[in-house]
Each structure stands twice: as C-alpha cells, then as structure tokens.
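Here's the structure, in structure tokens; my notes come after.
Values in this text are rule-based calculations from the coordinates and carry no lab data. Everything quoted here is computed from the prediction, not taken from an experiment. Here the Cβ positions follow ideal geometry from the backbone for every residue, glycine too, while neighbour counts run over all protein chains shown.
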Amino acid sequence: MASVATPTLVKNSRSTRSTIALKLLMAVSGIVFIGFVLLHMYGNLKAFAGQEAYNDYAHHLRILGEPMLPREGALWLIRAVLLGSLVVHVYAAVTLWLRARKARTVKYVMKKHTGAIPASRMMRFGGVALLLFLIWHLLNFTVGKVNVQGGETNDPYNLLVDTFQVWWMTLIYLAAMAMLGAHLHHGTWSACQTLGITSTERARTLAKRFAFVLAVIISGGFSLVPIFVLAGVID
C-alpha cells in the first residue's frame with residue numbers, strides 16, 4: 001500500500017506547491033498593477049489643474065530618465081513590466097480556474113454561501129471585461145490618439161476632454177471603473193490571504209477594510225475626471 005500511496009502523495013504535494021506559486025504570481029503581479037493605477041490616477045487628476053499642467057505631466061513622462069535613457073525610454077520600460085505582469089496575471093488566473101473546474105467535475109446540487117465577498121463572484125467576467133476595456137483604452141489614448149471628431153492629435157488634454165464629452169464613451173469608462181473597483185476589492189483581499197497577512201481575526205478585518213477603501217479610492221478617483229468633463233467643469 002505504501003508503494004501505491006507514496007506517488008500519489010508526491011503528486012498532490014507538487015500540485016499544492018504549484019497552486020501556491022500561481023497564487024503568489026497573481027498576488028505580486030496584482031500589486032504591480034495597483035502601484036501603476038495609483039500613479040496613473042494621480043496623473044489623470046492633473047486635468048483639474050488645467051490644460052498646461054496636464055500636458056506638462058504627460059511631457060515629463062516622455063522625457064523621464066533622460067539623458068541616461070532615450071526619449072520615452074522609461075515609458076517603454078514601464079510598458080514592458082506591465083505587459084509581463086499582465087501575461088503572468090492572466091496565465092495564473094486561467095490556470096487556477098481550469099484546475100478548479102477540473103477538480104470539480106460534478107456541479108453542486110445546492111450552492112452554499114462560502115463567506116466570500118460579492119466581488120469574488122464576478123472576478124472572471126470582470127477580468128475579461130477589464131481586458132477588453134484595456135485594449136479599447138490603449139487604442140483611444142495611446143496607440144491611435146484620434147479625436148472623436150476625427151484626425152490625430154498630440155495634445156493629451158484635448159484628447160481627454162474630447163473623449164469624455166461624448167456621453168456613451170463616458171458611460172463605458174465609468175462601467176469599466178466599477179468593474180475595476182470590484183476586481184481590486186476581491187483581488188486585494190485575495191493577495192492579503194496569499195501573502196499570509198490575514199492570520200488573525202483583526203488582521204482579516206483590517207485587510208477587508210483596506211481592500212474596500214483602496215477599491216473605492218482608485219475607482220472613484222478615475223471616475224472624477226470623466227464625470228466633471230461631461231458636466232462641463234473640465235473643458
């Protein structure tokens with residue numbers, strides 16, 4: 001019996017270590033994105049300071065690291081890190097989902113409430129929606145840089161205002177920010193669990209509060225600019 005059980009135990013041990021490694025990769029790559037969106041939100045809020053301040057911020061990003069780096073060199077390094085983190089995050093998420101699905105070949109007759117926060121029940125759908133939004137966002141603000149009225153522009157502020165003066169584009173953006181908030185809420189909580197900082201009841205309570213507050217700050221901060229552009233305050 002021992003000779004039969006031992007390979008099974010080894011296999012299960014390897015699978016467990018692999019699962020933990022994938023969750024750690026998701027947590028670390030998620031932290032990279034949290035740092036990025038906080039900085040990106042700070043840059044977006046420059047729009048409240050006016051066209052000159054916003055465009056100066058965008059210009060400084062392009063020359064960051066000069067003369068040690070070429071023009072936009074730092075931006076391309078940041079993009080490379082973000083792209084790598086995105087690939088890792090998506091790969092880990094899909095792999096973990098497929099493993100969970102394979103492990104549960106028969107659906108539950110009666111679903112039980114596991115105590116997970118509501119955002120956890122829409123993580124996969126939200127992740128796909130955010131990926132599609134990211135593609136649209138890059139095409140609109142980074143790759144294409146095309147005004148809604150037509151024609152290319154090298155003026156980031158005018159591109160921002162021009163985009164969010166269109167109500168349906170603002171609605172798409174706000175819906176995506178709601179998805180981002182839900183994703184951050186559950187993702188931050190999961191990362192805290194993976195990193196082992198929820199070992200006590202007090203730590204779990206603080207982690208849940210932190211995840212909620214962070215999600216509200218980021219999703220709310222990103223939503224302010226399009227709302228105020230549509231309202232005519234930023235023009």
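Taking θ as phi - 60° and the Karplus parameters 6.51, -1.76 and 1.60, the scalar couplings of the stretch 128-137 work out to 5, 4, 5, 5, 5, 5, 4, 4, 4, 4 Hz in sequence order, x denoting glycine and proline.
Tell me, what is the FRET efficiency for residue 154 and residue 200 to the nearest 0.05, using R0 = 45 angstrom and their Cβ-Cβ distance as r? Display every interim value, and only then the final one.
Values: r = 53 Å, r/R0 = 1.18.
That pair, residue 154 with residue 200, gives E of 0.25.
Subtracting the Cα-Cα distance of residue 137 and residue 68 from their residue separation scaled by 0.36 nm leaves 21.9 nm. Counting Lys and Arg as +1 and Asp and Glu as -1, what is the net charge of the other residues whose Cβ lies under 14 Å from the Cβ of residue 56? Around residue 56, the charge tally is 0.
Here the Karplus relation 6.51 cos²θ - 1.76 cosθ + 1.60, evaluated at θ = phi - 60°, turns the backbone of the stretch 50-56 into coupling constants of x, 4, 5, 5, 5, 5, 5 Hz, with x for every Gly and Pro. In this label model, residue 76 and residue 209 are separated by 4.6 nm, measuring between points 7 Å along each Cα→Cβ vector.
Residue-wise HN-Hα couplings along the stretch 23-40, as the Karplus relation 6.51 cos²θ - 1.76 cosθ + 1.60 with θ = phi - 60° gives them from phi, are 5, 5, 4, 5, 5, 5, 5, x, 5, 4, 5, 4, x, 5, 5, 5, 5, 5 Hz; Gly and Pro carry x.
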